[in-house]
Amino acid sequence: MHISEYKISELIVKHLKDQLSAEQENHLNKWLKKPEKKELFDQIVSKERILKKSLEYDEFNQEAAWAKLDKQIKPKIDYRKWLAYAAVLLIPMAIGFLLLYETPEYELSLAEVQEIKPGSSNAVIYFSNGEVVDLSKNNSEVIRSKENLLIERDSNQLKINDTELLAGKLGEMNRIVTPIGGEYQVTLPDGTKVWMNADSYIEFPSKFSSKHRKVIAKGELYFDVESNKEWLFIVETKGMELRVLGTEFNLRAYEDEAEILSTLVEGSVQVNNSLGKNVILSPGRQAVINKSNNSIKDLEANIEEVTAWKNGQFIFDSRRLENIMYDLARWYDIKVFFANATVKDKKFSVDVQRYGDIKDILKLIEGTGDAQFTIKGNVITVQ
């Protein structure tokens, strides 16, 4: 009978805590009959192995952890009792980590040959009436909602036309979403062009109000706003609002990042935070809003680096490795684990094509001698 690795991790935890039933012990013993499984089991129940892996995974302070555990270990304490104590605190995630990443080599061979591919043009349209169009499955050059919102597609670009809209549907919001590993270009009904990076969305009404043009955004998007001094363009994201008349700017507002960045390329833009404070940016400047305290700063920006993604490049100018890997994860649809937390803050400068092999990027970083990478399937471990 096949026993899942998840189930085995539960049995090993119970073994270390002396909580196995007779039936569970029988299942574990069957699993241990294979020499490679027994070798892995011996590694897992090693005191140093347990602590090392759990520390790496949860980024505990190693010295503090040892000190805490040493207080619990008396000279003649039973080794299995110590392991039971350690298991309560550390084992569940540590064993899962070991089983996932240290299964014998022959079992990983299929995962290792999986190719990690760069992102591509991919998006999903959610119309205001509930209709959904997945552009990876729908090849139509013209897409029309029931309310006659017309969308024309040319390669990786969408052009939205509202001239045939039915009355009574003007204020309803539509959404275009790029998944992880996706990107798209959109021309809104007013002529404003929007480049969407991976894991982003833009919401827009079926027809803009006569008072202003308002959209809602998340993730990373580059706007080239159609100039109209009488028709204000507004971009809202959680914790920030931008007001523009005609300009080009980059918005980075990912939910899992600590800051919202608005970078002005051309024109002028006013950036407001949720406290009512604002800055008016000039070209080459960047508004940085700290999500924790809603503070707002006006800083100098590296325009080439900020807009590189839109131009088919990755440019990282002395960037933290953790931030670099998060950007790569969104584009290549990978998972990243830091086995060595100290390398997260190391800074690297990289200038490469966005559509290349991720291994080429990792080799450049490895060439510095400050970090190493292991690829298994779509998981990259950083050491």
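The values are calculated or read from the model by the stated rules, or taken from the named source; none is laboratory data. Given the structure is predicted, the values throughout are model-derived calculations rather than measurements. Cβ atoms come from the backbone with ideal geometry, glycine included; neighbour counts cover every protein chain shown.
Can GLU322 be described as touching a residue at least 12 places away in the same chain (Cβ under 8 Å), assigned to a helix (DSSP H, G or I) and in contact with a helix residue (DSSP H, G or I) (Cβ under 6 Å, 6 or more places away or on another chain)?
Values: touching a residue at least 12 places away in the same chain (Cβ under 8 Å): yes; assigned to a helix (DSSP H, G or I): yes; in contact with a helix residue (DSSP H, G or I) (Cβ under 6 Å, 6 or more places away or on another chain): yes.
So GLU322 fits the description; yes.
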Count of residues meeting criterion [farther than 18 Å from ASP327 by Cα, crowded, with 22+ Cβ neighbours inside 10 Å and within 26 Å of the chain's Cα centre (by Cα)] in region 190-214: 3
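Can you say whether ASN250 is in contact with a helix residue (DSSP H, G or I) (Cβ under 7 Å, 6 or more places away or on another chain) and in contact (Cβ under 8 Å) with a residue 24 or more places away in the chain, as far as the supplied structure shows?
yes
Select from region 276-295 the residues that are touching a residue at least 12 places away in the same chain (Cβ under 8 Å), assigned to a loop (DSSP other than H, G, I, E, B) and on the phi < 0 side of the Ramachandran plot and list them in ascending order.
Just the residues of region 276-295 that are touching a residue at least 12 places away in the same chain (Cβ under 8 Å), to begin with: 277-292, 294-295.
Then drop every residue that is not assigned to a loop (DSSP other than H, G, I, E, B), which leaves 277, 282-284, 291-292, 294-295.
Residues satisfying the conditions are LYS277, SER282, PRO283, LYS291, SER292, SER295.
Filter region 132-144 for residues that are more than 27 Å from the chain's Cα centre (by Cα), closer than 21 Å to PRO179 by Cβ and in contact (Cβ under 8 Å) with a residue 12 or more places away in the chain and give the result.
Selection gives SER140, ILE143.
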Close pairs (6 angstrom Cβ cut-off, 6 or more residues apart or separate chains): modelled with pLDDT under 90 in region 167-182, of a type in the set (Asp, Glu) anywhere: LYS169/GLU147; MET173/GLU203
Region 190-216 residues that are in the same structural domain as ILE151 (by TED's automatic domain parsing), paired with ones that are among the polar types (S, T, N, Q) and not in a strand (DSSP E or B) (beta carbon under 7 Å, 6 or more apart): SER206/SER128
Qualifying residue in region 347-358 (condition: more than 30 Å from GLU248 (Cβ to Cβ), small (Gly, Ala, Ser) and either in a helix (DSSP H, G or I) or touching a residue at least 40 places away in the same chain (Cβ under 8 Å) (or both)): no
Conditions (1) out of contact with any Ser or Thr (no Cβ under 6 Å at 6 or more places or on another chain); (2) within 29 Å of SER262 (Cα to Cα); number of the one not met by GLU366: (2)
Qualifying positions in region 296-309 - crowded, with 18+ Cβ neighbours inside 10 Å and assigned to a loop (DSSP other than H, G, I, E, B): ALA301, THR307
Criterion violated by ILE280 - all others in (1) over 21 Å from the mean Cα position of the chain (by Cα); (2) under 19 Å from TRP309 (Cα atoms) satisfied: (2)
The one condition in (1) assigned to a helix (DSSP H, G or I); (2) more than 18 Å from the chain's Cα centre (by Cα); (3) in contact (Cβ under 8 Å) with a residue 12 or more places away in the chain that ARG330 fails to fulfil: (2)
